[in-house]
1. Starting from the Cα of residue 364, step 7 Å toward the Cβ, then list every residue of the stretch 385-414 with an amide N under 19 Å from that point.
2. Label residue 413 and residue 166 with points 7 Å out from Cα along Cα→Cβ: what is the distance between them in nm?
3. Of the GluC sites (Glu not before Pro) in the stretch 2-76, which ones lie in a loop per DSSP and count no more than 12 other C-beta atoms within 10 Å?
4. Taking only DSSP H segments of four or more residues, each worth -39500 (n - 2.57), what value at 222 nm results for the chain once the sum is divided by all its residues, to the nearest 500 deg cm²/dmol?
5. Cα-Cα over 31 Å: which of 294/373; 21/74; 3/350?
6. For a protection proxy built on the mean count of beta-carbon atoms within 10 angstrom, sort 30-39, 378-387, 300-309, 317-326 highest first, please.
7. Between residue 94 and residue 17, what is the FRET efficiency for a Förster distance of 25 Å, r being their Cβ-Cβ separation, to the nearest 0.05?
8. Taking square-rooted eigenvalues a ≥ b ≥ c of the alpha carbon gyration tensor, is the stretch 3-90 rounded, prolate or oblate, where a/c under 1.5 means rounded and, failing that, a/b exceeding b/c means prolate?
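The values are calculated or read from the model by the stated rules, or taken from the named source; none is laboratory data. These numbers come from a predicted model, not from an experiment. Cβ placement follows ideal geometry from the backbone for every residue including glycine, while neighbour counts extend to all protein chains displayed. Note: areas computed on protein heavy atoms with side chains; ligands, DNA, RNA excluded. Shrake-Rupley method; radii C 1.70, N 1.55, O 1.52, S 1.80 Å.
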Amino acid sequence: MKKLYVKDVLALEEGKEVVLKGWIHKIYDLGHVNFIKLRDKTGIIQLVASKEQLEGLRNEMSIEAKGTISKNEKAPEGIEVQLKEIKVVGKAYYDKLPFDINGRKTNAALETQLDHRNISLRAPKVLAVFKIQEEIGECFRAYLRANNFTEVHTPKILASGTEGGSELFTVNYFDHRAFLAQSPQFYKQMMVGVGFERVFEVGHAYRAELHNTYRHLNEYVSLDAEMGFIEDETEIMDLEEGFLDYLFKHLKANCKRELEMYGIELPDKVEIPRIPLSEAQEIVFERYGKRSPKGDLNAEGERLFSEFVKEKYGSDFVFLTKYPISKRPMYTMPDSDIEGATKSFDLIYKGLEITTGGQRINDYDMLIENIKKFGFKPEEYEFYTDNFKYGMPPHGGFAIGLERLTMQILGLENIREASLLPRDMKRITP
Ligand code: AMO
């Protein structure tokens, strides 16, 4: 007989014979009644067993179980399975589990949970994070493909950095030095120029940042989009706003169980105010008495400004626009109307930056000049600047940090909770 998933069994009629396969979540050896809670990727179901059938069983063994469905008001979801046969297909080789994952809450500290990812990921509430993450990736693909974008896969071993700064991991590439990609920035622009017009990529990005914080990883997943033939950066913000609206509708319809586990109610519609950075800085100073760093908001400023936006506009999101040239990479298009500003933006979600985006310089001469102004050598960027010799259209794009978006949707406290196997300054295992 074919294995059925728990979620499908819960919808079946009494008396039906079923085969379930999964892990032993919990054993109840109560003497008069005995249960096994079987867990698979879709949920947990109660198997009613005899005392003999429990013999030799231990939590987290994987099993195959055959039985018949019966109704029981006291069982979770009103359904249980009267066990006929049970077979252990994955044995247990441990003395004691590092911590329990079958209670209402896992009681181990985050670092302990991360040390034992093979155990902590089993907890249904932890798995739910990655169901949401999977849906974000799916929606990103679906939304962009429906809008004429092509998925691309660009290299992660590069000859130079893309974002400026010194946050580069070096790798030995045969007899010379190469770098791990901080972003697919240069190649997504190239792909727009060669004729794909609109591209997206879901890929890893590497940052050798010396930040050991709740919001930084040294390896993260970047959701990148880039599109050609735009008028200005507002089209890029429209695109991202449209994606988030689509995503939230999808999550509300398809991830009810997961959102409920975290007590999250998503808005019916995503509409995002757009406010110039300089205005945001003034508001943070006037309302909260906090000075911002030159040309930016710090983490506290982002949080305070988000509070203000929530109060005034009822939105969890805000686009901060018109970032100064000094705070943006050399490829960013300067703003023709505001001296010293660029056509770029950040997206802040519940007090945390989840995106940077904007219009790029598409004129070859202007790009070369800008590279010089930033103190770089144009000859080192030829592989990039060459793309601008052959009719590069006006274009722009954005990137969303997948773990940051997941974390903010579910209200997680630490970005590591939104990474299957986080890489940070202190952790490269498991
Ligand atoms: P930026 O460097 O701002 O922009 O990165 C874009 C988004 O990526 C996420 N992110 C991170 N997430 C976790 N840990 C980190 N260390 C980390 N660093 C960045 C954030 C951030 O908003 N090329 C531009 C994007 C563009 O203009 O298209 C870029 O990479 O969510």
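1. Counting only backbone N, you get 385-395.
2. Between residue 413 and residue 166, the label points sit 3.4 nm apart.
3. Values: sites: 13, 14, 17, 52, 55, 60, 64, 73; in loops: 13, 14, 55, 60, 73.
Sites meeting the loop and neighbour criteria: 13, 14, 55, 73.
4. Rounded to the nearest 500, it is -8500 deg cm²/dmol.
5. Details: 294/373 19 Å; 21/74 23 Å; 3/350 42 Å.
Violating the 31 Å Cα-Cα cut-off are 3/350.
6. Numbers: 30-39: 16.3, 378-387: 14.5, 300-309: 19.9, 317-326: 21.6.
Sorting 30-39, 378-387, 300-309, 317-326 by mean packing, highest first, produces 317-326, 300-309, 30-39, 378-387.
7. Details: r = 33 Å, r/R0 = 1.31.
FRET efficiency, residue 94 to residue 17: 0.15.
8. On the way: a/c = 1.57, a/b = 1.20, b/c = 1.30.
The shape class here is oblate.
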